[in-house]
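Contents: one structure, followed by commentary.
The values are calculated or read from the model by the stated rules, or taken from the named source; none is laboratory data. For clarity, every value in this text was computed on a predicted model and none was experimentally measured. Cβ atoms come from the backbone with ideal geometry, glycine included; neighbour counts cover every protein chain shown. When the accessible area is computed, the model is the full protein with side chains, heavy atoms only, and any ligands, DNA or RNA have been set aside. Shrake-Rupley method; radii C 1.70, N 1.55, O 1.52, S 1.80 Å.
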Amino acid sequence: MSAAVPIRYVIRPARPEAHLFEVSCTVAQPDAAGQRFSLPAWIPGSYMIREFARNIVSLRAEAGGKPVKLEKLDKHSWRAAPVAAGKALTLHYEVYAWDLSVRAAHLDQTHGFFNGTSVFLAVEGQVDAPCLVDIQPPPATAAKGWKVATALPRAAGERGAAKAYGFGLYRAANYDELIDHPVEMGRYTLAHFEAGGVRHDIVLTGRHDCDTARLARDLERVCNWQIELFGAPTPMDYYAFLTLIVGDGYGGLEHRASTALIASRGDLPWPGMKGLPDGYKTFLGLCSHEYFHTWNVKRIKPAAFTPYDLAQENYTRLLWAFEGFTSYYDDLALVRSGVLPAEDYLGLLGKTVSAVLRGSGRLKQSVAESSFDAWTKYYRQDENAPNAIVSYYAKGSLIALALDLQLREASAGKRSLDDVMRLLWQRHGRTGAGVAEDGIYAAVAEIGGDALAAWLRKTVEGTDDLPLARLLKGFGVGYKAEAASAAPVLGAKLAGSGEVKLANVYDGGAAQAAGLSAGDVLVAVDGLKAGSVAAVEAMLARRQPGERVELHAFRRDELMRFELTLAAAPAESIKLTLADKPTPAARRLRKGWLGA
Ligand SMILES: [Zn+2]
């Protein structure tokens, strides 16, 4: 191919009421043998095959004003018939956008959002060519006050280039960059701050009463702390937190210079808010998590992702490092930047330890296996998930914690996991060289020695619990395991409103021994109506472990009777506290770790 001519895309929120984006893609130099096009089957950061092409509603091709035949090759690829030399080929299609998540596209009369993976067909053989994207406004009736928010660079110097936050022409160096800048459009609230000399925008779409000044102040501290951890300069020259606010929602997806977030209205700070409510901690933790990915996974990447193969699953055993380490640093950045008190941080950490201990899947699956099987297990959890899988996020974050504490303890606070992150950043993030499947062990060996690296490998590839109580003691942190409540338990998770359903039945628990199954609808306990989860819990609170109860439940439409022996609640609720009188050595280590 001669000097790459840009691929030109036009995207227009043409029919908000029908949730349809109209898209075109023009290839100036199509493949003489018949140009192939494809849409990704998954979006980087969310490791599940999602078949975005299923939302393409109509697709046609033309060249020089004449229709060109298109052949569908598989679920997400097409080939156009060859066109005469010198003629440009244009595809026209509509994309149905009604997925209220950070992973796809969404359009109605209130706003539009899209990831390039949902709307921009890749031109096979030309994915390295530069791209120009004309982002057009919706029909005039809907367009009043709509602006664009994206980290996609504006096509300065081109005719029709977008002005700041405007509709018009944007550019990307290649397809990989094109699909790594989600786009939000609508009437949003904009706040901003500077960190590391870089402008950071907070874009809030949806109804809210957010204290944006407070949010900007807190995020500025968190972002600055992370920039300092890795060292200036920042890897991006602009960053955007694209946030959709809903009544009840939670989610985030990382990109190279932005993140797409969904948050609950009640989790945002409000004017006059006192202290740090749990919901706001959750939202700050989410922002911190996605921001950390700017380095860890968007630039320090598994070799398996360099480049991504967007047509199929990309297997790596390393998500425990890319998601787990990021999960460790998300809340840690809040405490180290002074936004979150150390006591509150330990409260959050205790919840993570409890969550990992609650699932017996941790005794059956290693975090390396969980990473590899993310596509079919972690991302596709069913009722048996707690019994079968371990979260590479949660246990991965505890492995990061154990590693950090051991590095600090062995060096009297001179080295830490921060040094491992910086080494990975220098070696891989800055150079673009992917991390080999044993690359994290190698980096840990370099900073902390072979014995620690061997411990890490054994922990990552095995299912042993972590020695957290012992390690935390050396940092002046108390670790107490207790039952979540004094009431006996059924050995099942109950859920539902209107009816009481067994959401999960725990392996080896009382419900399983009695013959109950996930999905059973509990209707009576000892002949009394099980009207709600709270009502069942109230009945259990008056009983003792070892007592027998009679349960009636529907499985399908058949009423079944069960006799169950109540069990004591397991001591897996973990409380972490700052010890009152730590040794001087522990006090110094804790100060270095938490600043407290
Ligand atoms: Zn993540």
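Give the range 36-60 a look and list any residue that's basic (Lys, Arg) and either in contact with a Leu (Cβ under 9 Å, 6 or more places away or on another chain) or without any contact (Cβ under 8 Å) to a residue 24 or more places away in the chain (or both), or say none. Before the answer, list the steps.
Restricting attention to the range 36-60, the residues satisfying the condition of being basic (Lys, Arg) are 36, 50, 54, 60.
Within the range 36-60, Arg36, Arg54, Arg60 meet the criteria.
If I filter the range 501-559 down to residues being touching a Ser or Thr at 6+ places or on another chain (Cβ under 9 Å) and of a type in the set (D, E, K, R), which single residue comes out as farthest from Ala486 (Cα to Cα)?
Arg555
Condition (residue is of a type in the set (Phe, Trp, Tyr), over 29 Å from the mean Cα position of the chain (by Cα), under 23 Å from Asp134 (Cβ atoms) and away from the ligand (no atom under 16 Å from the Cβ)) applied to the range 15-25: is it met by at least one residue?
Step one: of the range 15-25, the residues of a type in the set (Phe, Trp, Tyr) are 21.
Applying the additional criterion that residues be over 29 Å from the mean Cα position of the chain (by Cα) yields none.
Scanning the range 15-25 turns up no residue that is of a type in the set (Phe, Trp, Tyr), over 29 Å from the mean Cα position of the chain (by Cα), under 23 Å from Asp134 (Cβ atoms) and away from the ligand (no atom under 16 Å from the Cβ).
Looking only at the range 383-401, count how many residues are within 19 Å of the chain's Cα centre (by Cα) and either under 19 Å from Ile49 (Cα atoms) or open to solvent by less than 40 Å² (accessible area, probe 1.4 Å) (or both).
Of the residues in that region, 12 qualify.
When residues of the range 484-506 are filtered for being under 22 Å from Gly546 (Cα atoms), open to solvent by 40 Å² or more (accessible area, probe 1.4 Å) and under 31 Å from the mean Cα position of the chain (by Cα), how many remain? First the steps, then the outcome.
Here is the first cut: in the range 484-506, the ones under 22 Å from Gly546 (Cα atoms) are 484-494, 502, 504-506.
Next, only the ones that are open to solvent by 40 Å² or more (accessible area, probe 1.4 Å) stay: 484-486, 489, 493, 506.
Remaining after also requiring under 31 Å from the mean Cα position of the chain (by Cα): 484, 493, 506.
The qualifying residues number 3.
Quick check on Glu550: is it more than 30 Å from Tyr345 (Cα to Cα) and free of Cβ contacts under 8 Å to residues at least 60 places away in the same chain? Working first, answer last.
Values: more than 30 Å from Tyr345 (Cα to Cα): yes; free of Cβ contacts under 8 Å to residues at least 60 places away in the same chain: yes.
It is true that Glu550 is more than 30 Å from Tyr345 (Cα to Cα) and free of Cβ contacts under 8 Å to residues at least 60 places away in the same chain.
Within the range 402-410, identify whether any single residue is free of Cβ contacts under 8 Å to residues at least 60 places away in the same chain, surrounded by fewer than 22 Cβ atoms within 10 Å (Cβ to Cβ) and of a type in the set (D, E, K, R), and answer yes or no. Quick ask: steps written out before the conclusion?
Applying the first criterion (free of Cβ contacts under 8 Å to residues at least 60 places away in the same chain) to the range 402-410 yields 403, 407, 410.
Now narrow it down to the ones that are surrounded by fewer than 22 Cβ atoms within 10 Å (Cβ to Cβ): 410.
Imposing the further condition that a residue be of a type in the set (D, E, K, R) reduces the set to none.
No, there is no match, as no residue in the range 402-410 is free of Cβ contacts under 8 Å to residues at least 60 places away in the same chain, surrounded by fewer than 22 Cβ atoms within 10 Å (Cβ to Cβ) and of a type in the set (D, E, K, R).
Counting only residues that are charged (D, E, K, R) and surrounded by fewer than 17 Cβ atoms within 10 Å (Cβ to Cβ), give me the strands (runs of 3 or more DSSP E) lying completely in the range 61-128 with at least 2 of them.
Details: elements: 66-68, 70-74, 77-80, 89-96, 105-107, 111-114.
In the range 61-128, the matching strands (runs of 3 or more DSSP E) lie at 70-74.
Which one of these is crowded, with 18+ Cβ neighbours inside 10 Å and within 29 Å of Val367 (Cα to Cα): Gly474, Gly478, Gly509?
Details: Gly474 fails: crowded, with 18+ Cβ neighbours inside 10 Å; Gly478 fails: crowded, with 18+ Cβ neighbours inside 10 Å.
One residue alone meets the criteria, Gly509.
Looking at the range 152-163 only, could you name the residues that are of a type outside the set (D, E, K, R) and surrounded by fewer than 21 Cβ atoms within 10 Å (Cβ to Cβ)?
Correct list: Pro153, Ala156, Gly157, Gly160, Ala161.
Every residue in the range 526-554 that is over 14 Å from Pro488 (Cα atoms), within 40 Å of the chain's Cα centre (by Cα) and open to solvent by less than 60 Å² (accessible area, probe 1.4 Å), please.
The answer is Ala530, Gly531, Ser532, Val533, Ala535, Leu551, His552, Ala553.
Step by step: first the residues of the range 41-60, then only those that are open to solvent by less than 40 Å² (accessible area, probe 1.4 Å) and part of a strand (DSSP E or B), then the one that is farthest from the ligand (Cβ to nearest atom). Which residue is that?
So, considering only residues that are open to solvent by less than 40 Å² (accessible area, probe 1.4 Å) and part of a strand (DSSP E or B), the one farthest from the ligand (Cβ to nearest atom) is Ile56.
Looking at (1) more than 30 Å from Phe305 (Cα to Cα); (2) within 16 Å of the ligand (Cβ to nearest atom); (3) of a type in the set (Asp, Glu), which one does Asp180 not meet, given that it meets all the others?
(1)
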